[in-house]
Each structure stands twice: as C-alpha cells, then as structure tokens.
Amino acid sequence: MKRREKIFVVVLVVSFFFALPCFGQQYPSKPIKMYCTHGAGGDTDTIGRMLASIAEKKLGQPIIVENKPGGSGAVALSLLSSEKPDGYTIAMSGTAALERHPHVSQVTYDPRKDFTFIVNVTQYVSSVVVPTNKPWKTFKEVVEYARANPKKVKYSAGGPVEMGAIAMAYVGKKEGLQWDCVPYKSGADAVMAAVGQHVDFYAGGGAFALILKLIEAGKMRVVVADFGPKRIERLSNVPILKELGYDFELSPRMGVIAPAGISADVLKKLEIAFSEASQDQKMVDLLNQMSLPPDRMNSAEFTTAVLKSYEKTGMLIEQMGMKRK
Amino acid sequence: MTAVEEVAIMRHLDMVSSLFWFMIGTVYCIISLEYGLFDSGMPDAGLLPLIAGLTLTILSITVFINAVKKKNENLKFKFFPEIDSWKKVSVSVLALITYMILMQHLGFIGTTFLFMLFLLIFFSQPRRWIFIIVVSFLTVVSFQIVLVTFLKVQLPRGIFGM
Amino acid sequence: MNFMNNLYWCLSIATEPVNIFVCFLGVFIGTIAGVLPGLGATTCIVLLLPATYGLSPTSAIIMLAGIYYGAMYGGSTTSILLNIPGEGSSMITCLDGYQMAKQGKAGPALSIAAIGSFIAGTFSVVMIMIIGPVLAEVALKFGPPEIFAITFLGMILVTYLGRGSMLKGLIMAAVGLMLSYIGTDSMSAKERYVFHIISLKDGIGFLPIMMGLFGIAEVLSNLEKKFTEGEIFKTTNGHFLPNKKELKDSSGPIARGTLVGFALGLIPGGGGILSSLVSYTMEKKLSKYPEKFGTGVIEGVAGPETANNAGAGGSFVPLLTLGFPCHVAMAALLAALMIHGVTPGPLLYKDHPDMFWGVIGSMYIGNVLLLMLNLPLIGLWVKLLKTPYLILFPMIFLFCLIGSYSLNSNIFDVAMTVLFGVIGYLMRKFEYEPAPLIMALILGPMFEVALRQSLIMSNGSPLIFLFRPISSVFIIISCILLFSPFLLKYFGRRRPGLLKEGGDEF
C-alpha cells in the first residue's frame, strides 16, 4: 500500500505543477507583438519603438515591433482587426488610416467596430506656410489674392486627401475660390516644393519639425498653425483655422490600438502602461525634438475623438467629391 | 545550331511571345478605361496606363509581323537543351513555392533546413547523406547568425518558436 | 567658407578613435547589408539605432551614415557575382559585371567597382564641403517639370540598355511601365489594378520583382545545364586587380561617371538609379565598340558604379543643408538624429557644427575604410564563387526569398519574387531582357507623377516644360536622342551595334 500511496502523491504533485500555469496566468505572460502601420524610419515607427521600449519595462514582457507598412496603414490595420483580442497583438497607428482612408478606398476593417482604442500619444500639427518672398502675411491675404486671381494659386499637400488638401478644399468651397492642389508623395516633399517656389504655399499635417526649422532659418512664413481645436504652444501667435472663421476642427493623431473585444482588465493594464510611457521623460524629449505636441488621451477619450473625426472627415471628403464606396 | 536554325527558332518563339503580349496589352487597356482618362482637362488615373498598354499592343503586333516576315523553314526547336531540364526547373520552382507557404507555419529555421535538404537530395548524385545534412545545418546556422543575431532582421517564427 | 579650416575641423572630429571605430563598424555592417539582396541600409539603420544610444550624437550618426554608403559599395558585389542587384541602383552593374564574372574576370570587375566608388565618394565629399549650400539651392530648383524632363530622358535611354532587339527592349519597358501603375494612384487616390488585394495597394515593389527577374530566373536558367558538382563560373585568371589596360579603359568612364552621378544625385529620388543609367548609356554611345556592351566590358562596370556612388553622396546634401530627407534611408537618419536630440534644418551647420563637419569628415574616412575593406574581400568573394553550384544555388534562392521577406515581413513580396522568377526564366527563353523592364518600373511612377503635377501647375498647358530653362534643356536632349536613329538613317551613316539585325528590325 505504501507504494500505491507514493504513486498517488507523485501523480497529485505532478498534476498540480501542470495545472499551476493555468492559475494566476497574469497578463502579460509572454511577449507582446506591436504592429507599426508605417515603415522603418518614419514618425510612427520612431515613436512606436521608443514607446515600446519604455512600456515593456512596465508590463514586464518584451514588446516586439513589427513594421507592416502598406496602404498607409491599411495592411497593418487589416491584419490587426483579424487578430485575437487577447492583448498580445497591438498596433501603433496614425489615425489617418482609421478616419480618412476608409472613406476613400476599400478597406477590410471598420474603425467603428473592429478596434479598441487604448491611448493616444500625440497629434500631428497641421499648418499653412508660405515662402518668405511672397507678400502675404496672413491667411486672409492669401485667400483674397486667390479670389482676385482665379486658377492661378497652387498649393502643395502631402497627398490628394491629406489634411491640407481637405482643409483647403473646404476653405476654397466656402470662399468660392478657384485654386488647385498639387499632391506630393509625402509632406516633406510638398514642403520642399513650396520652399523651391514651385507652388505658392504648403498646407498640411506633415513634416512639422522641418517646417519649424525652415521658419527659424527664415525660408518660410507660417500663416495658420493647426487645424485642430486649439493653438499650438510653439506658435502661440499664429491663428488656428477655426479662428479664421472656418468650422474646421480636425487633428490627425497617433496612438496605440488593439483588436476589438479585449477584456476590461487587459485593457486597463495596457492603458496604464502606455499612458505612463507617454509621460516618460524620454518620450517627452523625443516628441519635443520631432515637434509633435503631446496629446494624451485615455481609452475613452481616444475612442470618442476617433469616431467623431471619422464622421466629420467622411462628410468633408464627400464634399470634395472624392468619396468612394 | 546553325544560323538558319537559330532564325527559325526565333521566329516561332517571337510569334508566341508577341501574341502573349498582345493579349496582356489589350486586357490592360480595357481595364484602364475604367479608371477615367481625363478629369477636367487633366490626365486622370487611367490615361498613362492606357498609353502604356497601347504601346505594348502596337509593339507586339510589330514583333509578330517581323517574325512572320522571316524566311521560314519548319524546323523543330529545342525548348529545353537537356532531356531532363524541365524536371529540374519545375522541381526547383515547386521547392520555392513550398518554402514560401511553409515559412509562415514552420518558421525560418525549420523551413530553410528542409529546403536545403530537399534540393541537395534531389540534385546531387551520388547522394552523400552526411555531407547533405551537415551543409544544410551549417547554412541555416550561418543565415541565422548573420541575419537574426547580428542584423536583427525579423524572420518568421513557426509553431516551434524557431 | 574657409576650405582648409573646415577640412582640418572635420578631419579632427572624424579621426577621434571612437569615431573611426564606429565608422568602421557602420561601413562593415553596411557592406553586408548591401551584399544581401533585399536587406537595405534603411532597415539596418533603424534596427541598429538602439545600439547607438550610448554614443554621442555625432558618433551615432557617423556609424549610421556609414551603413548607408557601405551599402552602396556592397550592392555591386552580388550584382557582379550572382547577377542579383544588392541595391536598386546596382542593377546596371549586373549587365556587364556578371558577364565579366562568368568570363573569369570577377576580380577586376569588383576592384574597379571599389576603386570607382572610392573616387566618386571622395569627390562628392569634397564638393559637399566646398559648395554644399549652393548644391542645396540647385536641388530645390528641380520641380515637377524638371523631374519629368529628366525621367523622360531616362525612359528614352532605357531602350539603349539591351544587347538585343530594340523592339523587344521597348516591349520590356512598356511592361515595366504597366507594372508600375499597379497600386494606388498618388494623385487621385484611385486604386489601379489592385482588385481588392490589400498587398497590392502600394503596388508591387521593384525589389521583389528585381530579385525574381535577375536572381531566381538566372538560377533556373543555369539549372538547365548539366552540372555535377562542378562550377558554373570559370576559374579566375588569378589576378584580382585590374590590369593596366583595364585601368586605362576605365579612367574615362570613372571621370564622367563621377560628374554625371553627382549632378543627378542631387535630384530628390533620382539619385542612384538614374545616375547609373545615364552613365551606362553615355559610355555605350561614346565607346568605339558599343555592340560589346552587355558582354562584359569594363567600361560598363566602371561608369555606372562610379555614378551611383557619386549619387549617394549627393543624397546627404538635402539632409545636411536643409533638413530634408530625399531618400528613405535619409529619413531613417533623420529619425536617428531626432532621437539623439538633434533636429536638422538649414541652420544645422551653425547649431551643431561638430555634427555637421563630423559627418562630412567621416565620409572621407568611410570611403578610405571601404576601399581598404573591399579590396581584400575580393579575394574572399572570388573564392566563394568557387563553391560547387550544387550548394551555391539553393543559397542564392534563399538570399532572394529571405531578402524579399525582410522588406515588409509580408509573404506577398516573396510570392512576387517567385512569380517573377518564373516569368524571368521564361523571358530569357524567349529572348527578352529584364533590365529595361526594371528601369521603366522604377522611372514610371516618377514620370507619371511629375507629368500630372506639372500639368496642374500649368493649368493643363504642356508648354510649361519648354518655358523653364532646366526642363527644356533635358527635353531637347531627349528629342535629339529619340530622333537620332531616324536622322542618321536618312543621312546615311550606319552605326553598328545599336540595331541588331539591320534592315527592317528597328
């Protein structure tokens, strides 16, 4: 009988050890994958990697960043929306792919249903800048010039439905102007086109760090700083689009998202970790260098902001006549 | 191969390839029309594709005509220089496709090892098993060290976590 | 600017022991990245960025910049040895470089590439030092009409690339153009030929196609021939360095390539590939035996390799003098700078002079190090070539497959590589050459976008190209080249080698 009892004890102990992992399986218990909507070296990637390196210490598990560029975020978001909502796959995403692109092209995800928004980290500052040798000192002057010279004024933007293109199309319609957008492949290229005077001004959300440097060097003058709800600290004497009389309040953002259906406590853990990470000094310094203002939002605020933006952007794009679907 | 034979082969080959390009060009042009040619006086998304497609179509007709004009002598042509070469090529292509599919499930290390193993086995005569296994193993190890460890490239991890 | 003063300053920063060490590390890694097809400088820069956190900003950038031009040197290695371009701009080197390798002259080809690259690199650093800001202003003057005119010229030059029938070369170019339009149109946001496949939204990258058409197709073709465990490549003649004649023949192409390459490198996005294209066609036209191009002439390696390295130096100009990244790798460097607390702009040389001059100085050092690194490596590469093809060919396959995967971690790219490998193999059978296709694939988008942007600027009038001085010059050159075969035909003189089979074949 002693032998049988011994065996029984051994089996009990062994099965206890096997069962143990199933208990206190605290999240996170294995590395977390973070997709990045854009390629290596870009803004989203740079911020994402820095954020991941800080947040992983708080979560206690490594966060591995995987770039999945394509379709300005469509590829990464598509992949994300079909991943398990267990908190082990998240993404660093610019909100353009959530708020703008679904209106313009066919995507496999629905920003209203397929994602959980965890935290927002920053926003892109949109601006309107003119080369210094142009006589205009305020946006009103540009508008008046365009009104007096139809079909003459051209502005550059980082793409056909970028912030700049949308905003200026809106202004153009409201003021009855005939001006044209020359789309470029990226914000930086578009800004350079304005510096080289191939166009009359640049409007949009990209390359703000570059723009600030150009302003500092005296090559450009800024007439509008931000299309969002409030003025930018660095350029506090420059009006926002809203103040100039246009009912326009959109800011492209960048934050951390996950597939829809995450459990509440996993969400809480992620929210806390990334929230703290975005307030870390290293992050603040980096954002400062990149001239991206912090725009911290928790999950609830982020969700509201994105959904509101989605609806508003949809209406504007429809007005521009560029809506697909 | 004599010059005459060469020309005859070229003639057949050219006729086949030009017909192929003709079909591609035509289909491409038809689809391009859907994207719109002009948008308030400016070229729209479909214009340049249409021009490219038309260019291809016209060029393919030219090649076809040139091919027909060549003096013909009905000679058989050898598409594959060696008897078994089509087998070798198809097996390699199959191996490539299999690698592609397995890579995501089995992970980089496993798939690469199997790939090397397979190709070495198929292509070597006589088969020296130890040699084959060692070479496959070394290949995998060296790729792993250079790419993953040294350069930190992201390679897929399969079900074994490799 | 006081040249000697600046020279002293930049060398004194660059020759600090730390900086020499990191420079060496950078160029070494860059060389490997360049040799491995698909793996680019950009990815390496980003992935190795965390490793630079402990360094001073200057040292960090020296290392990362070293990766970039190391990759430029390394790219020619696989082009010559395996007919797989390591970087996009090295594609032209494949044309004659690989043929030279097959004839046992891999050593001279590799060393001429290294020597030419060194001369070009040094030249561009000197130019940056002397007239850097001026160059930046010049680069700014290139707007859409100018870019259109240059790519138009490029498209015409593409037809001179092949050895065979010009008609087939044109077909390849047309196909390349057609492939380039797959994806989302960047001007109207419409999707073309995408058919709801997400991975096609950004089009098919040229790197997977290139690796398929050059790398995999080449191997598949070679597999047809009998090989037991012997080699595909002839044993080398033993000498790795070019002989006197080869050096003499290369001197002209190197000189011309340097100038052309540097000038074109200033164009945003044009840089490497255009430089090498123009250099190759220029050498072909100037040569006494143009028909030999494509069979392994040293001029076909010396010119383009020099040109693309000179172009690479030019890519740094907009970043250092304006803060504008004109190339993906430059964008990665920009991010690296920001993480280290420096945001470049037009005043970089004032705010952070040690970084500005340090980077420039390290480019001198980097070029020297690369020459010292690459020449001895040639012996190694040539020995590697002697590996039995049985072992070599699966590894080439792996290079290509893994190389494509490493681009976007997307299996779709690998699928494209395999697909185009098969297509390339068939193309070779039907006597079509891949080079014009790739060239058109790369130039196509630039061409279309520049055209449409220019037309928006001019409200639809095509005259804009002739009203602006720079673009009109290029348009006129293009037209001359375009109509020259006709003109020559009418005026009698026969130029051998540009037409394949005389008479009715154009």
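The values are calculated or read from the model by the stated rules, or taken from the named source; none is laboratory data. Computed from a predicted model, the values in this text were never measured in an experiment. So basically every Cβ, Gly included, is an ideal-geometry build from the backbone, and we count neighbours across all protein chains shown.
So here's what we get for this one:
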{"read-out": "Qualifying positions in the stretch C:449-467 - of a type outside the set (Ser, Thr, Tyr), under 20 Å from A:Lys151 (Cα atoms) and crowded, with 17+ Cβ neighbours inside 10 Å", "value": "C:Ala450, C:Leu451, C:Arg452, C:Gln453, C:Leu455, C:Ile456, C:Met457, C:Ile464, C:Phe465"}
{"read-out": "Options C:Met127, C:Met63, C:Met91; residue that is buried (at least 24 other Cβ atoms within 10 Å of the Cβ), within 21 Å of the chain's Cα centre (by Cα) and not aromatic (Phe, Trp, Tyr)", "value": "C:Met91"}
{"read-out": "Out of A:Gly255, A:Gly218, sole residue that is touching a Gly at 6+ places or on another chain (Cβ under 9 Å) and either closer than 30 Å to C:Ser458 by Cβ or modelled with pLDDT of 90 or more (or both)", "value": "A:Gly255"}
{"read-out": "Enumeration of residues in the stretch C:423-481 that are over 17 Å from C:Phe142 (Cα atoms), among the hydroxyl-bearing types (Ser, Thr, Tyr) and not in a loop (DSSP other than H, G, I, E, B)", "value": "C:Tyr425, C:Ser478"}
{"read-out": "Selected residue (only one of B:Met100, B:Met23 is surrounded by 13 or more Cβ atoms within 10 Å (Cβ to Cβ) and either closer than 30 Å to A:Trp179 by Cα or modelled with pLDDT of 90 or more (or both))", "value": "B:Met100"}
{"read-out": "Among residues of the stretch C:294-315, those that are more than 15 Å from the chain's Cα centre (by Cα) and at pLDDT 85 or above, counted", "value": "5"}
{"read-out": "The stretch C:467-482, residues that are touching a residue at least 12 places away in the same chain (Cβ under 8 Å) and aromatic (Phe, Trp, Tyr)", "value": "C:Phe474"}
{"read-out": "Residues of the stretch C:234-248 satisfying the condition of being buried (at least 17 other Cβ atoms within 10 Å of the Cβ) and at pLDDT 80 or above", "value": "C:Glu246, C:Leu247"}
{"read-out": "Qualifying positions in the stretch C:339-371 - surrounded by fewer than 24 Cβ atoms within 10 Å (Cβ to Cβ) and under 19 Å from C:Leu48 (Cα atoms)", "value": "C:Ile339, C:His340, C:Gly341, C:Val342"}
{"read-out": "Flag for C:Ser79 being assigned to a helix (DSSP H, G or I), free of Cβ contacts under 8 Å to residues at least 24 places away in the same chain and more than 14 Å from chain A (Cβ to nearest Cβ)", "value": "yes"}
{"read-out": "Any hit, the stretch C:380-400, residues being away from chain B (no Cβ under 14 Å), part of a helix (DSSP H, G or I), of a type in the set (A, V, I, L, M) and touching a Phe, Trp or Tyr at 6+ places or on another chain (Cβ under 9 Å)", "value": "yes"}
{"read-out": "Which numbered condition A:Val199 misses (of (1) surrounded by 24 or more Cβ atoms within 10 Å (Cβ to Cβ); (2) more than 14 Å from chain C (Cβ to nearest Cβ); (3) β-branched (Val, Ile, Thr))", "value": "(2)"}
{"read-out": "Unmet criterion (only one of (1) surrounded by 24 or more Cβ atoms within 10 Å (Cβ to Cβ); (2) farther than 25 Å from A:Glu66 by Cα; (3) modelled with pLDDT of 85 or more) for C:Gly74", "value": "(3)"}
{"read-out": "Number of the exception - C:Ile204 against (1) more than 9 Å from every other protein chain (Cβ to nearest Cβ); (2) in contact with a strand residue (DSSP E or B) (Cβ under 9 Å, 6 or more places away or on another chain); (3) among the aliphatic types (A, V, I, L, M); (4) surrounded by 24 or more Cβ atoms within 10 Å (Cβ to Cβ)", "value": "(4)"}
{"read-out": "Those residues of the stretch A:50-87 which are within 17 Å of the chain's Cα centre (by Cα), among the basic types (Lys, Arg) and over 23 Å from C:Leu49 (Cα atoms), in sequence order", "value": "none"}
{"read-out": "Matching residues, the stretch A:130-171, being within 14 Å of chain C (Cβ to nearest Cβ), without any contact (Cβ under 8 Å) to a residue 12 or more places away in the chain and either hydrophobic (A, V, I, L, M, F, W, C) or within 21 Å of B:Asp44 (Cβ to Cβ) (or both)", "value": "none"}
{"read-out": "Yes/no for A:Asp247 being acidic (Asp, Glu) and assigned to a helix (DSSP H, G or I)", "value": "no"}
{"read-out": "Test: residue in the stretch C:312-324 that is out of contact with any Lys or Arg (no Cβ under 9 Å at 6 or more places or on another chain), within 30 Å of A:Leu212 (Cα to Cα) and not in a helix (DSSP H, G or I)", "value": "yes"}
{"read-out": "So C:Val260, is it in a helix (DSSP H, G or I) and among the hydrophobic types (A, V, I, L, M, F, W, C)", "value": "yes"}
{"read-out": "Residues satisfying the stated conditions in the stretch A:202-219, i.e. touching a helix residue (DSSP H, G or I) at 6+ places or on another chain (Cβ under 7 Å), more than 10 Å from chain C (Cβ to nearest Cβ) and of a type in the set (A, V, I, L, M, F, W, C)", "value": "A:Ala203"}
{"read-out": "Some residue of the stretch C:32-48 being in contact (Cβ under 8 Å) with a residue 24 or more places away in the chain, more than 14 Å from every other protein chain (Cβ to nearest Cβ) and in a helix (DSSP H, G or I)", "value": "no"}
{"read-out": "Restricting the stretch C:133-152 to residues that are assigned to a helix (DSSP H, G or I) and surrounded by fewer than 19 Cβ atoms within 10 Å (Cβ to Cβ), the residue that is nearest to the chain's Cα centre (by Cα)", "value": "C:Val138"}
{"read-out": "Filtered residues of the stretch A:77-119 (kept if closer than 11 Å to A:Pro259 by Cα, outside any loop (DSSP other than H, G, I, E, B) and more than 10 Å from chain C (Cβ to nearest Cβ))", "value": "A:Leu80, A:Ser81, A:Thr89, A:Ile90, A:Ala91, A:Phe115, A:Thr116, A:Phe117, A:Ile118"}
